[in-house]
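Structure record follows, encoded as structure tokens.
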Number of protein chains: 2
Amino acid sequence: MSSALNYRECHFKREFDGGAELPFQRENTMKENRYDDEIFFRKYGEMARSRYGLAGAGEWLELKKLLPDFTGKRVLDLGCGYGWHCKYAADHGASDVVGVDLSQRMLGRAMEQNTAPQIHYHCAAMEDLTFSAGRFDVVFSSLAFHYVRDFSPLVERISDWLRPGGELVFSVEHPVFTAYGSQDWYYDSQGKILHFPVDNYYYEGKREAIFLGEKVVKYHRTLTTYLEALLRNGFSIHHVIEPQPPAEMLGQPGMLDEMRRPMMLLVSATKGC
Amino acid sequence: MSSALNYRECHFKREFDGGAELPFQRENTMKENRYDDEIFFRKYGEMARSRYGLAGAGEWLELKKLLPDFTGKRVLDLGCGYGWHCKYAADHGASDVVGVDLSQRMLGRAMEQNTAPQIHYHCAAMEDLTFSAGRFDVVFSSLAFHYVRDFSPLVERISDWLRPGGELVFSVEHPVFTAYGSQDWYYDSQGKILHFPVDNYYYEGKREAIFLGEKVVKYHRTLTTYLEALLRNGFSIHHVIEPQPPAEMLGQPGMLDEMRRPMMLLVSATKGC
């Protein structure tokens, strides 16, 4: 099971902290910013994706295929965490990279480990950001949108920040994974996995999962909501990928279970011209 | 529970019968054509969607929104069953409608109940069809693609049959619904629904569900496979809808359970010009 965490660990990530100006953000102020909690942050730092960066993230091989050519591009990373993707964009020719995260601790690590002259990190809630229209060529987000309560208004703003023809690439926890809430398997009395439970699928909203001994709040949304928000805002969808664990990881203990239910959804889309 | 069947019944439908020329079709020859089985066909005929047509299908209100203006259009319906959608297209101005189904019994009913001068019904497996390039303006399919083993080759052929800019609209059982196989809830020892089980999600292929006392074979595919097959074949996706039961049906006994997991996926897409 521990090895499986290399792939599975990504189901917890940045949470809201302060700084929110809208009522729905205040709702989560303070209590959900696990990444600024010292113990939680330390445990997060022990995970493969924290220690090894992109190479430690099971979905990276698939996500990488969806990324555009970054040469000369102005890039925004929403929920940038340690800044691995910002660094990747900079190393691949991006001219201007803005990494945004709510957690000061995460950004502290980003500024230690993933710097480049063209990368600028900012501490903010992604819902509070304001940029001029067409400010970016690429908007990217890794496993952060499921912490945002209202997706459609965010997509509207992302569309505004992108130039026509600009690209949006993101990963998010899969609706199958977020629907039930616990994000855990259903076991028999011997502790053996029976299957993964889905429930309350059409009831979108707050879910609480336990991770590292802490409650972590996320927002469940249907696939319909994710994709229709993009389509309604004029995006053309290029790819919708439910990444499987890489073949070379399947031999690891517990990893075969990752073939039993989808955990993530990767999407790439282009803003209409 | 019986009322819920008005919505839920759609999880069984046409199966392969004879006439297949490819090895993978022979695999299912005879044994899966439940719709030509007298008892099964009779039971199917008792269902709301058989008795009341489109108005008896819980997903119709959502599906209808995805349909194009049929005026003057040449339409192909793959797995047309009783022909309700063929008749709808004809009644809404289609100039030429071809309905294809494997079941003689289903087509017999179509020719009794849903006729029009511009509708022509054919008994065939959709995998065996040949049409000239650009023969149709619209290809439609209702809850039939999950009976086809290989989706991508079918999409290639549909793309060929459509004129550039032509539209593909289909409904299919949702990958959440097909993954486990039984298509049933998971119950506690008292028979109370606990949740819906998902398992073997990434293992695509044959599944057996029991319905009306008979094994019914369907093919599970991931969402990735459905959508990427379209994108890879040059389709632009317009809508991806997981239909909820209509609000006016929620008061019926058992219908609230339909809010707990997605059962269908509706997709509309346009062939690239």
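For the residues A:Met106, A:Met111, A:Met126, the requirement of being more than 22 Å from A:Lys271 (Cβ to Cβ), touching a helix residue (DSSP H, G or I) at 6+ places or on another chain (Cβ under 8 Å) and not acidic (Asp, Glu) singles out A:Met106. In the stretch A:137-154, the residue that is surrounded by the fewest Cβ atoms within 10 Å (Cβ to Cβ) out of those that are within 25 Å of B:Met264 (Cα to Cα) and of a type in the set (A, V, I, L, M, F, W, C) is A:Phe151.
If I go through the stretch B:228-256 residue by residue, how many of them are more than 19 Å from A:Thr225 (Cα to Cα) and at pLDDT below 95?
Qualifying residue count for the region: 9.
Taken over the stretch B:256-266, the criterion of being among the charged types (D, E, K, R) and facing another protein chain (nearest Cβ under 9 Å) is satisfied by B:Glu258, B:Arg260, B:Arg261. Considering the stretch A:177-212, and only residues there that are β-branched (Val, Ile, Thr) and either over 25 Å from A:Val139 (Cα atoms) or more than 13 Å from chain B (Cβ to nearest Cβ) (or both), the residue that is surrounded by the most Cβ atoms within 10 Å (Cβ to Cβ) turns out to be A:Val198.
Might you let me know whether the stretch B:196-211 holds any residue that is modelled with pLDDT of 95 or more and of a type in the set (Val, Ile, Thr)? Looking through the stretch B:196-211, at least one residue is modelled with pLDDT of 95 or more and of a type in the set (Val, Ile, Thr). The sole residue among B:Leu227, B:Leu256 that is assigned to a helix (DSSP H, G or I) and over 21 Å from B:Ser152 (Cα atoms) is B:Leu256. Kindly indicate whether A:Leu78 is under 25 Å from A:Lys206 (Cβ atoms) and modelled with pLDDT of 85 or more. For A:Leu78, the condition - under 25 Å from A:Lys206 (Cβ atoms) and modelled with pLDDT of 85 or more - is met. Considered as a group, the residues in the stretch A:213-255 that are β-branched (Val, Ile, Thr) and within 11 Å of chain B (Cβ to nearest Cβ) include one that is nearest to B:Ile237 (Cα to Cα), and that residue is A:Ile237.
With a cut-off of at least 3 residues that are crowded, with 23+ Cβ neighbours inside 10 Å, name the strands (runs of 3 or more DSSP E) lying wholly within the stretch B:68-135.
Filter on the stretch B:68-135 gives B:74-78, B:96-101.
Looking at the stretch A:138-221, the strands (runs of 3 or more DSSP E) lying wholly inside it that each contain 3 or more residues that are farther than 30 Å from A:Asp37 by Cα and within 20 Å of the chain's Cα centre (by Cα) sit at A:162-173.
Just the residues that are surrounded by fewer than 17 Cβ atoms within 10 Å (Cβ to Cβ) and free of Cβ contacts under 8 Å to residues at least 60 places away in the same chain, please, taken from the stretch A:237-273. The answer is A:Ala247, A:Glu248, A:Leu250, A:Gly251, A:Leu256, A:Met259.
The values are calculated or read from the model by the stated rules, or taken from the named source; none is laboratory data. In this text, all values refer to a predicted model and were calculated from it rather than measured experimentally. Note: ideal-geometry Cβ built from the backbone for every residue, glycine included; neighbour counts use all protein chains shown.
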